[in-house]
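Just below is one structure, and these are the notes that go with it.
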Amino acid sequence: MTTAHRIHHDLYRGAKSYTDPGDGGTITVAQDLQICEMVSTGAETRTLANPTKPGIRFVLRMLTDGGDIVVGASNGLNTDLDLHATFADAGDLLELISVTKSTGVYRWEVLTQTGAGIATVTATVTRTATATDTGTLTKTATNTLTKTATDTLTATDTATGTAGSSVTLTKTGTLTKTATNTLTKTATDTTSASKTKTVTATPTSTATATA
């Protein structure tokens, strides 16, 4: 027979420690009444997965401070739906409970907060862009004109008559003229252009924090 005492005893004996996944890791909470004690060796991040049902209690705590740990929860950590909590000092702690955000969607709600500032962080980064335009235009024109001229003249003179009397002179001629004009002109125009534009901007970050 299961008694209230037995249930309490089983809960007490159950695993309570959730292993820190380390920098960039994801914390997925599937059991009630667990604690994750985080250790950092520099500026680090963790992702707190959204809960899958309401009523799960969970504690996040910084055990060793080697640098800030920013924990993100995509569905929010409070009624303002702030998305990030920053653990800056050893002992910083958030006691959380999962609640309903909308039908079938759940989020975390802070019950107790020691340090661990909660904020909505919006970051804007402008990157360096370089654009290069290179163009080559080649234009070739060819005109051909051939000119050939040939003149041919053939003439025959014939004199008919008797000495001391009238003489008849007959002239027969043939003229042949052939003309061919040829002119060849070739022109090539090549233009190369290169244009480079570089824009450099410094990354900016804007944060709005809620204590």
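If you go through segment 65-118 and pick out every residue that is of a type in the set (D, E, K, R), farther than 15 Å from Gly55 by Cα and under 36 Å from the mean Cα position of the chain (by Cα), you end up with 4.
The single condition from (1) of a type outside the set (A, V, I, L, M); (2) on the phi > 0 side of the Ramachandran plot; (3) crowded, with 18+ Cβ neighbours inside 10 Å that Gly104 fails is (3).
Every read-out reported here was derived from the displayed coordinates using simple, explicitly stated rules and does not represent laboratory data. Given the structure is predicted, the values throughout are model-derived calculations rather than measurements. All Cβ positions, even for glycine, are placed from backbone atoms using ideal geometry, and neighbour counts span all protein chains on display.
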